[in-house]
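Here is the structure we will look at, set down as structure tokens.
The values are calculated or read from the model by the stated rules, or taken from the named source; none is laboratory data. Computed from a predicted model, the values in this text were never measured in an experiment. When we count neighbours, we look across all protein chains shown, and the Cβ atoms used for this are built from the backbone with ideal geometry, even at glycine.
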Amino acid sequence: MNNKYINLNRSDLEIYLKKRFPTLSTNQIKSALDEIFDSIVYAVAKGERVEIRNFGVFSAKKISPRKFVNPKTKEVSYLSETTTLHFKPSKNLMSKI
């Protein structure tokens, strides 16, 4: 497996989609991406797992509670459990990268 990652941001995705679908306007592409991203975030926030075939899986990853020390004041503080968005690419996507 190749551990090199390619960074793809939203504007790169918009440019790619504009080239792939020239009949769509930029506003149509932006609104479609908004809907897709919002639905993924909403589903994961509800605790669901979102799988896009041949692309990957979006899920929630829980980070356990932990303590940390402020280096300046040496004060010990505690962070509660947090949840982050996790993406695992599919084997098919990784083979194309």
> Within the set of pairs 6 or more residues apart or between chains, which connect a residue that is under 16 Å from LYS88 (Cα atoms) inside segment 41-53 to a residue that is of a type in the set (A, V, I, L, M) and at pLDDT below 90 with Cβ atoms less than 8 Å apart?
Replying inline: VAL41/LEU85; VAL44/LEU85
> Any chance segment 45-56 includes a residue that's among the small types (Gly, Ala, Ser), closer than 23 Å to GLU14 by Cβ and more than 16 Å from the chain's Cα centre (by Cα)?
Replying inline: no
> What strands (runs of 3 or more DSSP E) completely inside segment 38-97 contain at least 2 residues that are modelled with pLDDT under 85 and exposed (fewer than 12 other Cβ atoms within 10 Å of the Cβ)?
Replying inline: none
> Quick one: in segment 1-24, which of the residues that are modelled with pLDDT of 90 or more and not in a helix (DSSP H, G or I) is nearest to LYS96 (Cα to Cα)?
Replying inline: PHE21
